[in-house]
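A.B. asks: Dumping the structure here so I can ask a few things about it.
The values are calculated or read from the model by the stated rules, or taken from the named source; none is laboratory data. In this text the structure is predicted, and so the values were computed from the model without any measurement. Positions of Cβ are backbone-derived with ideal geometry, glycine not excepted, and every protein chain shown enters the neighbour counts.
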Amino acid sequence: MPQIEDGYTRLANEILEHIMKASLNGTQFRIVMAVWRYTYGFQRKEHDLSLTFLAKAIDAGRGQVDREMTALIDRKIIIVVGTGGRGSRVIAFNKNHSEWTVPTMTTAGSTQGIISKEIRKEVIERDRYECRYCGSKEDLTLDHVFPKSLGGENTIQNLVTACRVCNSRKGAKTLEQSGLTLRSIG
């Protein structure tokens, strides 16, 4: 039977009250719980937590964790403090709830901010309706070359057309971290 003597995670009631009202989906909530467990649960404020580790901790797919972690970072609920071992991020929970942002919906229904129809159209046309990583013309999306979670913006210069497979493979990593290269526009 669980006992407090076997360990506990100390959280202020104010944090719990605000996270309950934060409109998180199930995966986002489970990620926040895991971040609390592996930071506050060990009496630390930040820790090197890889996407693979978090996916295993919450029993979810790595791609799903990557997508939802990016949304939490975009909303400033989770903060990237630096880079840890093997390129994973050192992350912390932002207990300053006044800095959290309300999610905004894209046409795809994600919570990663709005890319205007004009920019979306210009990027896809510039890239000639093909993935800039592999050349596929199927299931196209937009990707931030410099990840949004690291401060990348929704600009024509920072966006490229990517198929879902390449976009998922790249995730919230830089080109160098992902091992992908941009193809020239033919």
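A.B. asks: Picking from 186, 171, 85, 135, which residue would you name as being at pLDDT below 95, small (Gly, Ala, Ser) and under 16 Å from the mean Cα position of the chain (by Cα)?
C.D. replies: 171
A.B. asks: Scan the stretch 21-35 and give yes if some residue there is under 19 Å from residue 77 (Cβ atoms), touching a strand residue (DSSP E or B) at 6+ places or on another chain (Cβ under 6 Å) and in contact (Cβ under 8 Å) with a residue 12 or more places away in the chain, otherwise no.
C.D. replies: First, the residues of the stretch 21-35 that are under 19 Å from residue 77 (Cβ atoms): 21-35.
From the residues that got through so far, the ones that are touching a strand residue (DSSP E or B) at 6+ places or on another chain (Cβ under 6 Å) too are 35.
Still in the list and also in contact (Cβ under 8 Å) with a residue 12 or more places away in the chain: 35.
Looking through the stretch 21-35, at least one residue is under 19 Å from residue 77 (Cβ atoms), touching a strand residue (DSSP E or B) at 6+ places or on another chain (Cβ under 6 Å) and in contact (Cβ under 8 Å) with a residue 12 or more places away in the chain.
A.B. asks: I've got another one for you. Quick one: which of 121, 137 is among the charged types (D, E, K, R) and either assigned to a helix (DSSP H, G or I) or touching a Ser or Thr at 6+ places or on another chain (Cβ under 8 Å) (or both)?
C.D. replies: 121
A.B. asks: Cβ-Cβ under 9 Å, sequence separation 6+ or interchain: first residue in the stretch 37-51 and touching a residue at least 12 places away in the same chain (Cβ under 8 Å), partner exposed (fewer than 14 other Cβ atoms within 10 Å of the Cβ) and in a helix (DSSP H, G or I). Which pairs?
C.D. replies: From the stretch 37-51, the pairs are 48/85; 48/86; 50/85; 50/86; 50/87.
A.B. asks: A further question on this structure: Give me a count of the residues in the stretch 158-186 that are assigned to a loop (DSSP other than H, G, I, E, B) and either among the β-branched types (Val, Ile, Thr) or farther than 23 Å from residue 75 by Cα (or both).
C.D. replies: Going through the stretch 158-186 one residue at a time, the tally reaches 9.
A.B. asks: Something else: Restricted to the stretch 138-164, and to residues that are touching a Phe, Trp or Tyr at 6+ places or on another chain (Cβ under 9 Å) and at pLDDT 90 or above, which residue is farthest from residue 86 (Cα to Cα)?
C.D. replies: Restricting attention to the stretch 138-164, the residues satisfying the condition of being touching a Phe, Trp or Tyr at 6+ places or on another chain (Cβ under 9 Å) are 140, 143, 152-153, 158, 160-163.
From the residues that got through so far, the ones that are at pLDDT 90 or above too are 140, 143, 158, 160-163.
Details: 140: 30, 143: 23, 158: 25, 160: 26, 161: 28, 162: 25, 163: 26 Å.
Applying the filter and picking the extreme gives 140.
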